[in-house]
Amino acid sequence: MLKSNIMAKHKTPEINSSSTADIAFLLLCYFLMTTTMDQDSGLSRRLPPIPDENQKVEDQKVNRRNIIIVRINSADRLFAGNEVLDVSLLKDKIKLFLTNPLNDPNLPEKEAKEIGNLGMIPVSKGVISLQNDRGTSYEAYLAVQNELVKAVNELRDEFSKAHFGKTYINLDEDEQKMVRDAVPQQISEAEPKDVSKK
């Protein structure tokens with residue numbers, strides 16, 4: 001009888017698990033802070049606004065001289081116009097195409113437009129048509145896209161410095177709109193196809 005009373009009084013002690021959740025939380029925080037994750041690369045683009053339902057669709061015909069076709073084939077080879085080009089030279093070729101400094105009849109026309117309080121400014125009608133093959137690597141596509149956007153951004157910076165004395169990023173919203181009107185970014189992307197046969 002005495003033995004059973006002693007056994008009843010001696011219970012096995014329970015493990016205090018109240019701090020286990022704290023330890024698990026701290027470990028989770030540690031691994032989240034020390035682990036590096038791959039970052040997705042992509043393109044930031046502002047899509048055009050949704051057209052008004054009542055807006056009439058106009059069939060715009062673009063003069064052949066106003067278009068430069070930039071193609072990337074399945075071997076990631078770059079063609080700008082009729083030239084095979086290294087991606088590092090693309091930006092300068094696009095800048096020359098869009099500005100047409102010598103009024104070359106084979107390069108884009110310019111149209112004088114009233115731009116805010118800047119007066120009449122010659123604006124390029126140049127359009128960049130980007131085409132890629134279904135086998136084009138994403139890295140090559142991104143590199144070409146970056147060079148095209150870089151060309152437009154540099155032209156906007158040059159225009160901003162000439163007319164406002166500062167870079168495009170340092171302009172206020174109204175000034176930036178004037179620069180965008182004077183140096184439009186007209187990049188047309190075609191659906192991927194087999195451009196390697198051309």
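The values are calculated or read from the model by the stated rules, or taken from the named source; none is laboratory data. Because the structure is predicted, anything quoted here is derived from the model rather than measured. FYI the Cβ positions are ideal-geometry reconstructions off the backbone, even for glycines, and counts take in every protein chain you see. Protein only, heavy atoms only, side chains kept; ligands, DNA and RNA dropped before computing areas. Shrake-Rupley method; radii C 1.70, N 1.55, O 1.52, S 1.80 Å.
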Query raised in the report: GLU114 fails exactly one of the following numbered conditions: (1) touching a helix residue (DSSP H, G or I) at 6+ places or on another chain (Cβ under 7 Å); (2) farther than 28 Å from ALA75 by Cβ. What is the number of that condition?
Result: (1)
Query raised in the report: Quick check, is GLU154 out of contact with any Pro (no Cβ under 8 Å at 6 or more places or on another chain) and either loosely packed, with under 13 Cβ neighbours inside 10 Å or at pLDDT below 90 (or both)?
Result: no
Query - Odd one out for ILE50 among (1) farther than 15 Å from VAL127 by Cα; (2) modelled with pLDDT of 90 or more; (3) among the aliphatic types (A, V, I, L, M) - result: (2)
Requested in this report: Just give me the residues in region 63-114 being acidic (Asp, Glu) and under 19 Å from THR136 (Cβ atoms), in sequence order.
Outcome: ASP76, GLU83, ASP86
Requested in this report: For residues that are among the hydrophobic types (A, V, I, L, M, F, W, C) and under 16 Å from ALA182 (Cα atoms), scanning just region 104-127, find the one that is most open to solvent (accessible area, probe 1.4 Å).
Outcome: MET120
Query raised in the report: Are any of the residues in region 55-63 within 30 Å of GLU175 (Cα to Cα), in contact with a strand residue (DSSP E or B) (Cβ under 9 Å, 6 or more places away or on another chain) and modelled with pLDDT under 90?
Result: yes
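Conditions tested, residue by residue: (1) farther than 19 Å from GLY119 by Cα; (2) open to solvent by less than 50 Å² (accessible area, probe 1.4 Å); (3) free of Cβ contacts under 8 Å to residues at least 60 places away in the same chain; (4) among the polar types (S, T, N, Q).
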position	(1), (2), (3), (4)
SER129	yes, yes, no, yes
ARG134	yes, no, no, no
VAL144	yes, yes, no, no
LYS150	yes, no, yes, no
GLU158	no, no, yes, no
PRO184	no, yes, no, no
GLU191	yes, no, yes, no
Query raised in the report: Somewhere in region 76-87, is a residue surrounded by 13 or more Cβ atoms within 10 Å (Cβ to Cβ), in a strand (DSSP E or B) and β-branched (Val, Ile, Thr)?
Result: no
Query raised in the report: Yes or no: LYS91 closer than 23 Å to ALA75 by Cα, at pLDDT 90 or above and in contact with an Asp or Glu (Cβ under 6 Å, 6 or more places away or on another chain)?
Result: yes
